[in-house]
Amino acid sequence: MSAMKNVFSPIWLIPLLALAVALWMVWQESAGSGPQIEVLISDAEGLEAGKTPVRVRNVDVGLVSEISLSEDMSAAVLTIEMNENTQRMLAEDSRLWVVKPRIGRQGVSGLSTLLSGAYIRLQPGSSEQTATRFEALEEPPVTPQQTPGRRITLTSSVNSAVVVGDTVQYNGLSVGQVEKVDFNVDDRSMRYQVFIEQPYDELLTENTRFWLQSGLSLRWNANGLDVSLGSFESLLGAGINFGVPEGQPSGAKMTEERSFELFASAEAARQQGFVNGIDYVILLDESVAGLEEGAPVQFKGVRVGTVLKVPLRWNPTDSDKAPLKQIPVLVRYEPERMDGLVPDTDIGYWRERLPELFEQGLRANIRASNLLTNTLYVDLRFYPETELQAQSEFAGYPVMPSMVSDFSRLEEKLNQLLDKFNDLELEQSLTEFSEAMAATEQSADEIEALAQSVAAIVEQPGMQQLPQLLQDNLTQLERLLSSVDDGSATRRQLHRTLSNIEALTRDLKPLAEQLREQPNSLIFDAEKPADPEPKAHD
């Protein structure tokens, strides 16, 4: 009995009690802990093992226990010990990201981490499949995972400044956001993942068009300068608008996933909204500078089509060595634009109707919509006196008859006038004109000198008395003329004197004739003329 008492000594109760407490603490620790997960992150800046928490709605649900590098050292691996009862948060589509101070178009976020430090934000997913390995997002998700709505894809070949977080608007109302932006190298186009919230996703139909909305848009058109001011959000960055083009039916609601084209402007979306049309080639024998893709095709001011390609490159074969005499332009005639103006807008009807109109003289030419910007458009009019072109097909497209525009004719006449003007000997004319101007200037100087001389003569004292002297002379002349009036003694005496002179002249006339015939008759006697002898005529 004494030996048994020595074996079960009370002193052994102390280590047994310590072992029981340790086992209980281990059980408590294992019972209160959750699953362990791994998160791959590109950069572990600001994260610390044993300090960085994992939070859901600002509630701690885990702690980073270890930070290490991946085997290929391309990322950091975070080992996270989750709390108890967090298994349901770790769905396959759950998302994690690092919350830290960020500055972007959406504003400033994460300022609280400047004092508390960065932490891991967990957004639980909705999938029934769970996971223990995740890849952290580089940027916070724009749309919460459980937000109801629809995601669509937009494609664009134009350069744009759309970034993640930009708004999607409908009639000025923000209804969604851009979640992802990618560049497709294969077709060199941009792809945008857009989320449209409920109930606005019901606005998506088969005829919906998306376009870029910049804060301030300046565009020249036929009416002049068009200024469009977007929303306040679009002033800070680019935005996306959508809607159904005016004059188009809404169409059926979108029931399956599809992609939409993102147009550069509302005008481009409105004009490209007509997808049904008949393609024609116009062969222009004039310059197409100023005619751009998307320009209107009009009939008497009403738009009936769109210019598709300027010029149309048809890649001729090596055997085709003909020179490029005419510029081919591809246009699309869109009968739907005349809805309400014509009884039928069916494509088949217009395929048969247009050749008849060509026979009646319908021709295409280009005109200037704005002389200031030199923007051109295609104009359709009837010219019954013109002949129909013989060529009916080009590069697989039917040919729409055309003629040279009046604008081009005017330009040709102006060029001819300028050529004639250039042929003028302007240099010689200018030289002669300069010489004439120099002579005129010299004459002007001489006239000025003469005028100064005359002014000096006029200013002399004697010239000042000249008017009075002339007046005195005129008075004396008047007195003299009055003295020879009819009946005056002076006039009678003058008449007698003239009569005597006349009589004396008659008496002296024979003497003058004698002296003219025989000057010496005053000294010698005058010779008497002999008797005339009769003679016969020879």
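The values are calculated or read from the model by the stated rules, or taken from the named source; none is laboratory data. Because the structure is predicted, anything quoted here is derived from the model rather than measured. Note that each Cβ is placed from the backbone with ideal geometry, even for glycine, and that neighbours are counted across all protein chains shown. When the accessible area is computed, the model is the full protein with side chains, heavy atoms only, and any ligands, DNA or RNA have been set aside. Shrake-Rupley method; radii C 1.70, N 1.55, O 1.52, S 1.80 Å.
Is it the case, given these coordinates, that Leu262 is open to solvent by less than 60 Å² (accessible area, probe 1.4 Å), at pLDDT 85 or above and assigned to a loop (DSSP other than H, G, I, E, B)?
Values: open to solvent by less than 60 Å² (accessible area, probe 1.4 Å): yes; at pLDDT 85 or above: yes; assigned to a loop (DSSP other than H, G, I, E, B): no.
In short, no.
For region 479-487, does any single residue satisfy the condition of being of a type outside the set (A, V, I, L, M, F, W, C) and at pLDDT 70 or above?
There is at least one residue in region 479-487 that is of a type outside the set (A, V, I, L, M, F, W, C) and at pLDDT 70 or above.
Could you say which residue among Val181, Val175 is under 23 Å from Ser250 (Cα atoms) and at pLDDT 85 or above?
The match here is Val175.
Identify, please: which residue in region 320-343 is modelled with pLDDT of 85 or more and either buried (at least 20 other Cβ atoms within 10 Å of the Cβ) or touching a helix residue (DSSP H, G or I) at 6+ places or on another chain (Cβ under 6 Å) (or both) and is, among those, farthest from Ser287 (Cα to Cα)?
Among those residues, the one meeting the criterion is Pro335.
Just give me the residues in region 37-96 being without any contact (Cβ under 8 Å) to a residue 24 or more places away in the chain, under 20 Å from Gly125 (Cα atoms) and among the hydrophobic types (A, V, I, L, M, F, W, C), in sequence order.
Those that are without any contact (Cβ under 8 Å) to a residue 24 or more places away in the chain, under 20 Å from Gly125 (Cα atoms) and among the hydrophobic types (A, V, I, L, M, F, W, C): Val59, Leu63.
Mind checking which residues of region 368-392 are open to solvent by 50 Å² or more (accessible area, probe 1.4 Å), at pLDDT 85 or above and in contact with a strand residue (DSSP E or B) (Cβ under 6 Å, 6 or more places away or on another chain)?
Phe382
Restricting to region 393-420, and then to whatever is at pLDDT 85 or above and hydroxyl-bearing (Ser, Thr, Tyr), can you tell me which residue is nearest to the chain's Cα centre (by Cα)?
This residue is Ser402.
Looking only at region 151-172, which residues are assigned to a strand (DSSP E or B), open to solvent by 60 Å² or more (accessible area, probe 1.4 Å) and either closer than 27 Å to Glu92 by Cα or free of Cβ contacts under 8 Å to residues at least 24 places away in the same chain (or both)?
Arg151 - this is the single residue of region 151-172 that is assigned to a strand (DSSP E or B), open to solvent by 60 Å² or more (accessible area, probe 1.4 Å) and either closer than 27 Å to Glu92 by Cα or free of Cβ contacts under 8 Å to residues at least 24 places away in the same chain (or both).
Here is a check on your reading of the model: is Asp186 open to solvent by 80 Å² or more (accessible area, probe 1.4 Å) and more than 27 Å from Arg55 (Cα to Cα)?
Here the answer is yes, as Asp186 does meet what is asked.
Please report, ordered by residue number, the strands (runs of 3 or more DSSP E) entirely within region 37-102 with at least 2 residues that are charged (D, E, K, R) and surrounded by fewer than 16 Cβ atoms within 10 Å (Cβ to Cβ).
Per the criteria, 59-69.
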